[in-house]
Structure formats: C-alpha cells, structure tokens
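Working notes, structure below.
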Amino acid sequence: MSRFIRNQGWVAGLFALLIFLFVITKLIQPGYGSGDFGSLARAVLPYAFAVAAQTVVVIAGGIDLSVAAMMALTSVTAASMMNGATEEYALFVVPFVLAMGLVLGALNGVLIVVTRVPDIVVTLAMLFVLQGAALLVLGAPGGAAAEWLKASVIGTVPVPGLPDWADAWVPKALVLLVVCLCVVWIPLRRSRLGLSIYAIGSNELAAFRSGVPVARTRIIAYALSGLFAALGGLSLTISTGIGAPIPGPYLLASVAAVVLGGVALGGGKGGLLGPIIAVFVLRLVRTDLTLQAIDPNVTAIIEGAIMVAVVMFGAFITMRSRPAGATP
Amino acid sequence: MTDIATMPRPVSFGRRLKRFMADRPLIPLIILLIVLVVILQILRPGIVNERWLANTAKFAIPLAILAGCQTMTMLTGGIDLSVGTVATMSAFIMATQIVNQDPTVAFLLAMLPAVLIGLVNGIGVGVFRVHPLIMTLGTSLIGTGFLQVYQRTVIASGAKIPDFLNWLGTGVTYGFPNALLLFVPVAVLIVLMLNRTGFGRLLYAVGDNERAARLSGVRYWQVITALYILSSLLAGITGLLYIGLIKAPSLSLAEPLVLPSVAAAVIGGTSIFGGRGGYTGTIIGALILTVLTTLLTILQMPEGGRRILFGFIVLFVTAAYLRIIEDR
C-alpha cells in the first residue's frame, strides 16, 4: 500500500510540477495561449511515443537502445512510400509501417531470448542494423507525407458541447497521442499479459516459477516497444512532412523521461502516465527557455543539466527510501 | 550412483575443443582476427603488407583506448558513453587554443573538460547511484552543448593541428606508427593496473558483488569517482591522438567511435554486467572491428549495408562467445 502511495505520489508531484511550469510560462509570456499549447503537443508527439516504447521495455526489466533508430527507419519508410503516391495509398502505408515496427521489435525480443546475449548489447547491435537499414531506404532526408495525415496533427478537435475557447485547448495532436496510447496501454494493463510484463520485470525467477511464460512475454514487450517506436516514426514523418535517416535525440530523452516518470530502471514498477507527463515537463522547460530568448545551444546545456539533476535526485530519493543495507 | 560419478565419461573432440577455448578465451578471438585478415587477402591479393598493417594499427589505436575506458567501467557494471564527447571536446579545444596559447596551456585547457565530465560522471554514479548509461549520456549531451557555445567564441581565431599531434597521429617510423608510442604504455598501464594493483582488484570486486565489496570496507564512491575520472582522461588523450589522425576538427569528431568502442569491449569478452573480462581481449576486439571495417569498405558495401552487417556481426560474435564461455 505504501508503495502504491509513493508511486502515485510521484506522478501527482510531476503533474503539480507541470502545472507550475505552465503558470511560469504564462508569467513569462502573458500571450501564451491555445495555439502555443497546440504546438507544444505537436512537439511532444514523437518524444511521447519514444518514451512509451522505452517504458514498456523498462517495466519488463530490459532496456531498448534501438528506439531512436527504429523511429528513423519507420519514418523514412513511411516518407519514401508516400512519396508521389496517392492520398489513399497512405491508408495502406500506416498499417504497414506499424506492422513493420511490431515485427522488428519482436525481432529484438527473439534475439535476446534466443541468443541469451544481454539486452543492452542486442539492442545496441540492432541500433546499428536499423540505422543502416534507414540509410538504405533513404540516403538523405526526403520523401513526403499524405495531406490528410499532416492535417491529422494540426488544428483542434471540435468537441460537441464545449465552448470555442475551451475547444481551442484540445489540439488534435494531443487527442491522437492519448487515443493511441490508451488503445494499446489500457487493455494491456488490465490483461494477464500486462501483469506478466510487470512480473518478469519485478523478479524473473519468481515469475518463471509461478508459470509466467517469460520468453514469450519478453518478446511481446519488445514487439510493443517496436509498435510505439513506429508510431513515433510516423508522427515524425507526419509533423515534418519528410523522413530523415539520422536518428534524433530520442534515446536519451526517452530514458530520462522514463526515470523522471517514476519507472524504476530495474523493472517491474511504474506506469505509462508518469513518463508521458515527464515528457511534457521536459518540453515545456525547453519552451520556457526559448521564450526567454536564450541561445538554443545554451538551452541544450540547461536541458541536459536538468535531466541529469532530476535523474540524480530521483536516484537519491530511491536510495533514501530503501531500507539500509539493501542492494540496489 | 558412485559408479557414474567416478567413471570417466568419454569426452568428444568437440567438447574438448570448446573447453580448451573456454580456458583461453583469447584464442577464438585471435582465430577470428586471422580469418578476417585471410578473407581480406583472398578478396584483394597483396593488400596485407607493411603499409596496411601500419594503417590498421593507426585506426585501431584510438578505438582501442576508448574501448579501454569501456572495459574498465564495464568491469564495475557500468558503461561510459560520454567518451566520444570528451574526446571531441579536448581535440577541438586543443586545435583552437593552440593558435594563441602556449602548447602546455592549451593541453591543460583541453584536459580540463575531460576531468570535469569524469568528476560529474563519477559523483553521479558513485554518490547518487544514477545508472551509468543515463549519467554518461546526460553529461555527453551537456558537453556537446558547451562545445557548441564554445565554438562560436573561437570562430574568428580559426584552428590548427599542432605538428606534434600530427606526427603522433599519422607518422610512421620504421614501419611502426608513432601512435604506438602512446598506446603501448597506456595498454601496459591498464593491463598492469587491472591485474596487479589494488585499484584493479577493487574494480573487479565492485563489479562482481557490490554488496560484498562494500561490506568488506571498499569505499564505493571513491573507487567509482576515480574510475570515471581516469576513463575521461583517457578519452581526452584519445581525442588529441585522433585529431592528429583525422586532421579536421569538427563537433562530431569522435562521436562515431562510441558505439564501436562498446562493441570492441563486448567482443573482447568483458561482461557488460561487470566482474569479468580484461583489456587484452578488448585490444583484439578493436583490431577485429577495424579489419572488419576495411573488409566492408573493400566489398564496396554502401554505408547502410555496412552498418547492418556490423550490427549482426557484433551480435553473432557475442552470442558465440557466450556459448563458449558458458560451458566452463
């Protein structure tokens, strides 16, 4: 019970931090309005999917270094398939790319299970492989995205019964994010499979002895991670209109947000909500720094320092709350 | 029952061979290296000559030193992903400061960020117990930010490569690359330190069983802090060597070496979970990776295909190596 309170407390604290940051943003820039919130949601989209991809695997007791490379590969695949194609063709591209992410993620899991090589090495090797594949698909940034897909993250969702001013605060990108995550996460969390994922992350041996199919669960966790990464890649293509074969800074960002979101790196603890709020916090800090007209390079330093400080603080708290003498 | 236990079981040749290799883990690695060189010679008869050997050594040395940083940190169950940024920083600072400063001052200025990043890494990992992967990724992000800000302050003064570094990085004396003058002492020091000194034993002890090491009076944070500072210093020196080899200061100079350095240590048989491995294997691992890169270049494989193959080979070698070791 106390653990439950502690975990929920962490998420609640994060949420309070997010609100606090919004207040600060409003103070810095009195004109900060719904339009800016919409662009924040758009900027968060690929990060949020990367974080979701990392979260699933970390909860299962692993780590996925190939998240950013997977996003790059799915992004260039989508962009080059949609290049010069009809609008309807994109209806085929989206499921194809998602299936590709699922299969490649499952490949990660299968390799870990079959070769028995540590996950960190397998996903590192897959990082090379996926990066290479992305370069083969598209040598330089290019490609295109279907108009209806691009439109799907711009603007707001008209909610019946809401006045216009409130409606403006419901950007399509945010709705898309929430829907995609909920469709996958909520059924998973409530199913036997979700429980198995937490179980193998918490104590693999105990899970095995209680009859959890450890190998299969691990493969499925990595497949889901691939699916989320593919969603992230798609959202990259959609929001930029092109695909870029060089992976962005999503690996560090995803790990930092996972830790900031209260998911223990050892596995078995935490949920998806914390990391997603953490992504918003990190992006909003960046927005604030930009609003203060700080040099973008200095922003990168401050952002990195914040991430490191937060991770240090989180580790410190976990260390203090643990009974003395226990191993990490 | 005693019958079975006392009866000498017939041992097949395959098992004996496996056991022999498990006792001497370097032998399969050396065989692999020789096989790669033979393949190279068959594909391009006459390529393996004195000049080729010197060239391979020149390119393998920076990789091998950075892989030494990985080996030492991996022995304690950590990893140092900031080596690329540290090497780039010291190289870039050296190349820009040498224009107006005394070489000694420039050298000290170049080593300053290395020590600082190592110190922050060490405190984060040793005192606050942050996961080394995240800590070093974070500091490398901060370092890159600082470097970008710094770059604009020196854009007017230009950069030049000191003659000495040129000589050290590229020069060849009597068929031996001058870089060996730096590498041989470094390698001997690392090997001696790991095998013969108390500090080396502490690294193995901490990585093998941290709790036992603590209970026997090891001051964990001091060991870890010293280790990460040492690792960063080595990375900084590698940066100076590497700029003499590449001769073009850029902001992503040594970044492409980071993942191969991890791969070299892993191929060399150092366990990523700590407590097992050594530097000799890592050196051979670095040589294998360098020869492999040459091989793939000669096969005229596109950059993407090269990375894919590289990833699969890292994975395959690690898996094969684990099979051999496991039988012990």
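The values are calculated or read from the model by the stated rules, or taken from the named source; none is laboratory data. All figures in this text were calculated on a predicted structure; none of them were measured in a lab. As a convention, Cβ positions derive from the backbone with ideal geometry for all residues, glycine included, and neighbour counts pool all protein chains shown.
Key figures for this structure:
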read-out: Hits in region A:104-125 - residues which are at pLDDT 90 or above, of a type in the set (A, V, I, L, M) and more than 13 Å from A:Ala215 (Cβ to Cβ); value: A:Leu104, A:Leu107
read-out: Test: residue in region A:249-266 that is over 18 Å from the mean Cα position of the chain (by Cα), away from chain B (no Cβ under 13 Å) and modelled with pLDDT under 80; value: no
read-out: Which listed residue is in a helix (DSSP H, G or I) and in contact with a strand residue (DSSP E or B) (Cβ under 7 Å, 6 or more places away or on another chain), from A:Val76, A:Val58; value: A:Val76
read-out: Number of the exception - A:Leu65 against (1) in contact with a Ser or Thr (Cβ under 8 Å, 6 or more places away or on another chain); (2) assigned to a helix (DSSP H, G or I); (3) within 14 Å of chain B (Cβ to nearest Cβ); value: (2)
read-out: Qualifying residue in region A:272-293 (condition: part of a loop (DSSP other than H, G, I, E, B) and under 18 Å from A:Ala16 (Cβ atoms)); value: no
read-out: Which listed residue is at pLDDT below 85, in a helix (DSSP H, G or I) and among the hydrophobic types (A, V, I, L, M, F, W, C), from B:Leu133, B:Leu119, B:Leu108; value: B:Leu133
read-out: Residues being outside any helix (DSSP H, G or I) and closer than 20 Å to A:Leu91 by Cβ - total across region A:146-204; value: 4
read-out: Residue in region B:176-189 that is away from chain A (no Cβ under 14 Å), crowded, with 22+ Cβ neighbours inside 10 Å, among the small types (Gly, Ala, Ser) and within 19 Å of the chain's Cα centre (by Cα) present; value: yes
read-out: Unmet requirement for A:Ala53, which otherwise passes all of (1) of a type in the set (Gly, Ala, Ser); (2) over 16 Å from A:Leu127 (Cβ atoms); (3) part of a helix (DSSP H, G or I); value: (2)
read-out: Contacts under 8 angstrom Cβ, first residue in region A:13-33 being over 25 Å from A:Leu260 (Cα atoms), partner among the polar types (S, T, N, Q), 6 or more apart; value: A:Tyr32/A:Thr25
read-out: Selection from region A:154-185 of residues that are at pLDDT below 75 and either among the aliphatic types (A, V, I, L, M) or in contact with a strand residue (DSSP E or B) (Cβ under 8 Å, 6 or more places away or on another chain) (or both); value: A:Gly155, A:Thr156, A:Val157, A:Val159, A:Leu162, A:Ala166, A:Asp167, A:Ala168
read-out: Pair list, Cβ < 6 Å and 6+ apart or interchain, from region A:286-310 residues that are surrounded by fewer than 20 Cβ atoms within 10 Å (Cβ to Cβ) to residues that are not in a helix (DSSP H, G or I); value: A:Leu291/A:Gln29
read-out: Selection within region B:257-278 - touching a Gly at 6+ places or on another chain (Cβ under 7 Å) and closer than 23 Å to B:Thr88 by Cα; value: B:Leu257, B:Val258, B:Ala264, B:Ala265
read-out: Residue ID - farthest from the other protein chains (Cβ to nearest Cβ), chosen from residues in region B:129-158 that are farther than 24 Å from A:Thr299 by Cβ and buried (at least 20 other Cβ atoms within 10 Å of the Cβ); value: B:Pro132
